[in-house]
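Read through the structure below, which is laid out as C-alpha cells, and then see the notes.
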Amino acid sequence: MIMKHAVVVAACGAIVSACSGKSGIDLAALKSAAPTEQVSVESDPPGADARTATGAACRTPCTLGLPMSDSSVTVALNGYTPQTVPVQVDQPAESRPEEFTQPPHLTPNPVVVELQPAPLSPVKKPAPKKPKVVARAKPGPEQSATNTSTLSPAPAGAAMAPPPWPTPQ
C-alpha cells in the first residue's frame, strides 16, 4: 500500500513539474489563439481572388477568418483593376450599461467589391516610314535650273568648265 502511494505521489510530481514549464515541454500550443471573426467577401463579377495581408486567401464569394485588428482585403481578377478594402475593428460605444454592449466586430462585413475593367494599354503603332530623300546638287547662282549640261557627266576627252568658285592657290 505504501508503494502505491509513492507511485501516485511521484506521478503527480512529474505532472506538476511538466506543467511548470521547467521540463522543456512547450506549452505555447495550449495558449488560446488570437480572436478572429469570419468576414464574407463578395465581388462583381464573382470568381475573384481575395487575399489578406496575413496571407489568407479564397475565391469569391467566400469567407475569411480575420484577426480582430485593423487589416485590409485585396480583391483581384484578371482583366480588372484590383481593389483593396480596409477592414477595421468597430468598438461599441461605452455609454451603454455593460449588459447591453456588444463585443467589438470587424466592419465592413460583408466586404462587397464591384471590380472595374482594367484600362486598355495603349497599343503603340509603328511610326510611318519616311520616304528616302536622294541628295541632289542645287544649281548655283551662275547656273540656271534649265542648264543641265553641267550636271551630266562630260563626254570622254571633253574639256571641263572651270568651277564657279575661286580655286585656292
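Only the coordinates and a few stated rules stand behind these numbers; no lab work does. This is a predicted model, so every value here is computed, not measured. Don't worry about glycine lacking a Cβ; one is built from the backbone with ideal geometry, like all the others, and counts go over all protein chains shown.
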Placing unit charges on C-beta atoms (Lys and Arg positive, Asp and Glu negative, everything else neutral), compute the dipole magnitude of segment 32-110 about its Cα centre in debye, rounded to 20. 320 debye
Starting from the Kirkwood radius over alpha-carbon pairs of segment 32-110, derive D by Stokes-Einstein at 25 °C in a medium of 0.890 mPa s and give it in µm² s⁻¹. 180 µm²/s
Relative packing of 62-69, 83-90, which averages over residues the other C-beta atoms within 10 Å, highest first: 62-69, 83-90
Sorted by Cβ density within 10 Å, fewest first, the residues V112, V133, V41: V133, V112, V41
